[in-house]
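Below is one structure, written out as structure tokens; the observations come after it.
What follows draws every value from the coordinates through simple rules; no lab data is involved. Since this is a predicted model, take the numbers as computed values, not measurements. Note that each Cβ is placed from the backbone with ideal geometry, even for glycine, and that neighbours are counted across all protein chains shown.
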Amino acid sequence: MEPYVEGEQPREPDLSKIFPEGAQAPPNQPGLPPSPNGGRGAPPVASSAEPIAGVVTVAPEFADRVRSGGTLFVVARRGEGGPPLAVKRVPSPEFPVRFEIGPDDRMIQSMPFVGPLTVTARLDGDGNATTREPGDLSGQLPAPVEPGSRDLTLTLDEIQ
């Protein structure tokens with residue numbers, strides 16, 4: 001930002017610093033139209049996509065590692081990483097656990113529930129999704145799935 005100069009008159013900003021040569025600058029409009037949601041953010045995207053459903057199991061060799069009082073998190077993401085699109089939280093699960101994760105479980109309601117989606121699950125010992133404790137169990141579906149996929153089996157077969 002440049003220092004204030006006494007007597008300086010307001011002027012249009014130099015958009016060449018933002019838009020490279022040949023790029024289209026936005027039209028110069030006096031204001032934005034009113035928000036369709038009353039100024040409270042973007043309106044929710046219609047939840048027309050079907051949920052993903054299946055069962056979470058524990059690999060037999062890890063059955064003795066299931067802690068009572070833990071929380072199961074089933075997470076759907078677009079791609080391999082990045083923030084979760086949707087999360088289902090199951091406190092004190094008893095395995096096998098049936099799950100359904102869909103548009104109603106989105107973290108940000110304006111994000112469309114579209115695939116392909118990577119679905120993972122983690123049995124978290126302390127119930128806090130942001131912590132990863134040694135001994136927490138996790139697993140992932142072998143391949144991304146599309147909304148509406150049914151009868152999936154996700155196995156907790158890894159130790160954190």
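Some points to look at:
- 3J(HN,Hα) couplings calculated from phi for segment 55-70 with the Karplus curve 6.51 cos²θ - 1.76 cosθ + 1.60 (θ = phi - 60°) are, in sequence order, 9, 9, 10, 10, 4, x, 5, 10, 4, 6, 9, 6, 8, 6, x, x Hz; Gly and Pro show x.
- Gain in span if fully extended, SER110 to SER68, counting 0.36 nm per residue against the direct Cα distance: 11.6 nm
- Restricting segment 69-160 to GluC sites (Glu not before Pro) that sit in a DSSP loop and have at most 11 other Cβ atoms within 10 Å of their own Cβ leaves GLU80, GLU94.
- Between ALA59 and ILE159, residue separation times 0.36 nm minus the direct Cα-Cα distance comes to 34.9 nm.
- Phi-derived couplings, Karplus 6.51 cos²θ - 1.76 cosθ + 1.60 at θ = phi - 60°, listed residue by residue for segment 115-129: x, x, 10, 8, 10, 10, 9, 9, 8, 9, x, 9, x, 9, 5 Hz, with x used for Gly and Pro.
- For GLU158, the residues whose amide H sits under 5 Å from its own are SER138, ignoring neighbours fewer than 5 places away on the same chain, with H placed 1.01 Å from N.
- Loop trypsin sites (Lys or Arg not before Pro), segment 52-160 (other Cβ atoms within 10 Å of the site Cβ: 10 or fewer; DSSP): none
- VAL55 long-range amide H proximity, modeled H, under 5 Å: PHE99, LEU152, THR153, LEU154
- Computed on segment 60-159, with alpha-carbon pairs under 8 angstrom and 6+ residues apart, the relative contact order is 28 percent.
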